[in-house]
Amino acid sequence: MSGDARGGPPAAPPPPRASPELSEQLSEQEVKDRLTRLSRRGFAGAGVAGIMALLGGRWLQRWAFQEDDLAWPLRRALQANEAISRGLFSPEHLAPIFPLAAVGTMRVNGMAGLEGDDFQPGEWRLELQGLAEGPTSLDLAALQAMRRTEMITEFKCIEGWSTVAQWAGVSLADVARAHPPTTRSGRPFDPDRPEDAPPYVSLTTPDRGYFVGLDTASALHPQTLLAWELNGAPLTSAHGAPLRLVVPVKYGIKCIKRIGMLAWSAERPADFWAARGYDWYAGL
């Protein structure tokens, strides 16, 4: 018996599908017309994309200006990283100390500020500026007469390599105690109150070919050292003789060799690598 389950008349069969042979046949002229329309649309789309690219390039040239050799969006990202690093910084946070057996060979990496042929080690002095007592200069013997500090820490290069090194010298905090900077309040300098000191320290080589800026909190960190010895021997010229900076809580780009001047500053000082697109703070 034919019909559906309800007993009605049989359902009408579905209409037959059109075969390819029954599809719409386009004339040659219609095909050409459609291709022409598609070509015009593609050309218009490409034109719009080209105009947008041109305008975008001009926008970048106009608005993505450089700050210290870096496009401002990237510089803002580095500044955000600095804010986080500053928030986490503490003078109680010390870099790890290693055993003597871990000491390796320090690479000679970077000769900016050391290339002059007229440097005379016997005439070297460390010029100090921004002091309560006025500018002064110290020879190596005067620095070595202060309390000696030794440490074995890891030197980390921003290029990705690291070496454990043994250093000896005088802490920058001890130099500041002996020759205090002018404070903001006018009270005597106290290294335990770095907020009362000028906020920055500038260090340069004698020829001004290399220069580094430090925040005062990092400069007064107990492991920040003005070093004259490396791995049990006096510094060589290539490693910054007669005096270099060692800051284990910073990357090596901050560890300026052959310091000629140290100046306390109210303004953020210029920095050699920050001016070339790197992080000014360079904290670990």
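Observations on the model:
- Candidates are the residues of the stretch 217-250 that are without any contact (Cβ under 8 Å) to a residue 24 or more places away in the chain and out of contact with any Lys or Arg (no Cβ under 9 Å at 6 or more places or on another chain); the one that is nearest to Y278 (Cα to Cα) is T236.
Matching residues to (1) in contact with a Pro (Cβ under 9 Å, 6 or more places away or on another chain); (2) outside any helix (DSSP H, G or I); (3) modelled with pLDDT under 65; (4) closer than 26 Å to P194 by Cβ:
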{"residue": "L54", "(1), (2), (3), (4)": "no, no, yes, no"}
{"residue": "P73", "(1), (2), (3), (4)": "no, no, no, no"}
{"residue": "L78", "(1), (2), (3), (4)": "no, no, no, yes"}
{"residue": "E82", "(1), (2), (3), (4)": "no, no, no, yes"}
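- Test for G260: is it touching a residue at least 60 places away in the same chain (Cβ under 8 Å) and closer than 18 Å to P135 by Cα: yes
- Selection of the stretch 191-206 for residues being surrounded by 15 or more Cβ atoms within 10 Å (Cβ to Cβ) and either assigned to a helix (DSSP H, G or I) or not β-branched (V, I, T) (or both) yields P191, P194, D196, A197, P198, P199, Y200, S202, L203, P206.
- Qualifying residues in the stretch 177-187 (those that are over 16 Å from S137 (Cα atoms) and free of Cβ contacts under 8 Å to residues at least 24 places away in the same chain) - the one surrounded by the most Cβ atoms within 10 Å (Cβ to Cβ): R184
- The set of residues in the stretch 228-261 that are in a strand (DSSP E or B) and either outside the structural domain of L88 (by TED's automatic domain parsing) or touching a helix residue (DSSP H, G or I) at 6+ places or on another chain (Cβ under 8 Å) (or both) comprises W228, L230, L245, K250.
- Counted residues, the stretch 85-133 - those being in a strand (DSSP E or B) and more than 19 Å from A168 (Cβ to Cβ): 4
The values are calculated or read from the model by the stated rules, or taken from the named source; none is laboratory data. Computed from a predicted structure; not experimentally measured. Glycine gets a Cβ as well: all are built from the backbone with ideal geometry, and neighbour counts include every protein chain shown.
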